[in-house]
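The values are calculated or read from the model by the stated rules, or taken from the named source; none is laboratory data. Just so it is clear, the structure is predicted and the values come from calculations on it, not from any experiment. All Cβ positions, even for glycine, are placed from backbone atoms using ideal geometry, and neighbour counts span all protein chains on display. Side chains included, ligands, DNA and RNA excluded: accessible areas come from the protein's heavy atoms. Shrake-Rupley method; radii C 1.70, N 1.55, O 1.52, S 1.80 Å.
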Amino acid sequence: KMSSGAADLRQRKKQNCTESDKMAPEERNKENSKLGRSPKYMLIQRFAKLFFGCLAAVTSGMMYAVYLSTYHERKFWFSSRQELEREITFQGDSAIYYSFYKELLKAPSFERGVYELTHNNKTISLKTINAVQQMTLYPELIASVLYQASGSEEVIEPVYFYIGIVFGLQGIYVTALFVTSWVMSGTWLAGMLTVAWFIINRTDTTRIDYSIPSRENWALPYFACQVAALTGYLKKNLNCSAEKFCYLLVNASTYTFMMMWEYSHYLLFVQAVSLFLLDSFALAQTEKVHEVYRIYLFSVIVGYLLQFENSALLVSPLLSLVVALMFSKSLQMNMKKSTFVSRLLKIMYIYLVLTVAVTLNFLLKMFIPHKENEHLLKFIEVKLGLNTTKNFTMNWLLCQESLQAPSQDFFLRLTQSSLLPFYILVLIICLFSVTQVIFRRICGEPLKETVKLEDGRIGERPEIVYHVIHTILLGCLAMCLEGMKYLWTPYVCMLAAFGVCSPELWMTLFKWLRLKAVHPILLALILSMAVPTIIGFSLWKEFFPRIMTELTELQEFYDPDTVELMTWIKRQAPVAAVFAGSPQLMGVIKLCTGWMVSSLPLYNDDDLLKRNENIYQIYSKRSAEDIYKILTSYKANFLVIEDSICNEVGPIRGCRVKDLLDIANGHVVCEEGDNYAYSKYGRFCHEIKMNYSPYVNYFTRVYWNRSYFVYRINTVISFQS
């Protein structure tokens, strides 16, 4: 029965495809004959619209990539810097990603380079890691292959090639948002407005300014392409060729997105929930939605195999939800339903899917050994107030700006650019329209095959309903965690631009208002052109001078103390030396010098998290002997103390590294009546600078400047005072 049902589904899909291909020309011919236009004239008009729209989309993406490159050059003076000074601009985890790219280029062959990364024992002391799996290094693998295969060694330096690819991907990101808004509204004016809002709100739409090699900068452009293709795929009355093209693009972009970012399956899970709700209310073609579910399923399987049997994908909520959806649908297939039973089954269907998904996920986690970011689950518990902790790592994560609720400045910036008010307006109109459609569906009224402008029913378009649900879900996440705004705000730009440029949205509003003085269709067409034009001119007048000032202003990023430290390490430290210090600094040391380090700024490995916490004890109130034992347990030879952490004056009291360590260790902190046990030792990073016993017995200062103090960890302990 299941096989015959699937065959029927495919047959219906083919029939719908051929019917739409036959109906579309007939409808267009009738409309053209009414307007007195020849088919040839309409063909030329459509071609011109498509050509200039594509030209505008590609030009917008290219100009944004050039803008990023120019801004980066002005900010860091990249072309006039030495290689060491350029590499210092990569901070934290960005430094680690770029360091592996350098190692791949230095390897005698690509195969040897990949082997060394998958069996890496030259980065972290006493630890062999599969860096490709643990850090999702497929972007670096692709970049190194392209650099060597294209013969770019004699044309461009590796660093320019690397950041050039990332900036190019950001151009594709903007182009995909342009196309999505264009497909939804029918006018590429919406795409232009989307790009304008995206660039003006760049602080809240992308992290490209702060972390070029970060995984989301590589991955999100592919997700934007997937969303653009999915938008086209969900449209009604799509001709067969366009539908196949959109389907193939959804496939390719989903698989690529899965490989570029370790957290991609969580974002796809949010998308799957959006499609599930869309299908549950019967607002889209079920067969199309289930084709997307199959894409999710195969992408998880491909990701599992290519990511070295990554068990986190098997226990992911995405896989559990997709399997539950397909299982529940197979039970419903070919069941005869009366009107009352169909409503009852729809409610039971939602309940069945949720029950099967939760149960399956629980069983998978019981039987499949995994390390699915357990610290993230603990973080969510503490964030929601379900638990309290004194754990250093957990409290440190809670103090990160990206993991806190968004500030008022975020909403103020979106309001000043007029983005937030128009987004709220568009969202309210679409939500009310979708609610009306759902109510009609509950009452048994079928959806219209073709929604015309005069109908004023924008909520009947499945691609619009999908985007409304998707932005609401992403918005809920962004209201909890500020870091999620980089996923939400780009689609806010897209949805708001689509809304103000869409005659259907204005027509939906006028239908409710029941305008009689002015013809509503004429007014909707006028407003869909006038409103975005006015917004565009106001944005141009207010923000264009600021953007040009950014590009003409010469900023200076120079860190002489870090340059001196890296130079000293390369000249004076033994090749086999192991350095210990803050994880962020260790990432820079690994990139700039190639020396082995004791920790890295990675937060997806329990062992590394524990290492980071232990090595951070150099800023706590612990004895010299305790610190010595910790460092020697990781075979560290040199210790680097940063004055900025030791003497940190943080904006939020209790979120400084030394405060968090005192809380975790139970040392003296008196605040608002809370008293912790007193430590008989002074703060290690202060005491070691005094050069008295017992600190000089364990550590010998070998280098210092205004920001850094480097100590050799003695192998033979002297107890002379």
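List of remarks:
- In the set (1) open to solvent by less than 40 Å² (accessible area, probe 1.4 Å); (2) outside any loop (DSSP other than H, G, I, E, B); (3) touching a residue at least 24 places away in the same chain (Cβ under 8 Å), the condition left unmet by residue 584 is number (1).
- In the stretch 406-427, the residues that are among the aromatic types (Phe, Trp, Tyr) and surrounded by fewer than 18 Cβ atoms within 10 Å (Cβ to Cβ): 411
- With respect to the conditions (1) within 20 Å of the chain's Cα centre (by Cα); (2) over 23 Å from residue 602 (Cα atoms); (3) among the hydrophobic types (A, V, I, L, M, F, W, C); (4) buried (at least 21 other Cβ atoms within 10 Å of the Cβ), residue 292 falls short on a single one, namely (1).
Residue-wise test of (1) outside the structural domain of residue 585 (by the TED database); (2) in contact with a strand residue (DSSP E or B) (Cβ under 9 Å, 6 or more places away or on another chain); (3) open to solvent by 20 Å² or more (accessible area, probe 1.4 Å).
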| site | (1), (2), (3) |
| --- | --- |
| 605 | no, yes, yes |
| 608 | no, yes, no |
| 626 | no, no, yes |
| 649 | no, no, yes |
| 655 | no, no, yes |
| 658 | no, no, yes |
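- Note on the stretch 79-102: residues that are crowded, with 18+ Cβ neighbours inside 10 Å and over 26 Å from the mean Cα position of the chain (by Cα) total 1.
- Qualifying residue in the stretch 244-255 (condition: modelled with pLDDT under 95, outside any helix (DSSP H, G or I) and of a type outside the set (A, V, I, L, M)): no
- Test: residue in the stretch 228-243 that is assigned by the TED database to the domain that holds residue 482 and without any contact (Cβ under 8 Å) to a residue 24 or more places away in the chain: yes
- Test: residue in the stretch 561-579 that is outside any helix (DSSP H, G or I), closer than 30 Å to residue 403 by Cα and touching a helix residue (DSSP H, G or I) at 6+ places or on another chain (Cβ under 8 Å): yes
- Any hit, the stretch 567-574, residues being crowded, with 17+ Cβ neighbours inside 10 Å, polar (S, T, N, Q) and either within 19 Å of residue 135 (Cα to Cα) or touching a residue at least 24 places away in the same chain (Cβ under 8 Å) (or both): no
- In this structure, residue 489 does not satisfy being in a helix (DSSP H, G or I) and in contact with a Phe, Trp or Tyr (Cβ under 7 Å, 6 or more places away or on another chain).
- Unique match (being under 30 Å from residue 87 (Cβ atoms) and surrounded by 11 or more Cβ atoms within 10 Å (Cβ to Cβ)) among 521, 547, 535, 526: 547
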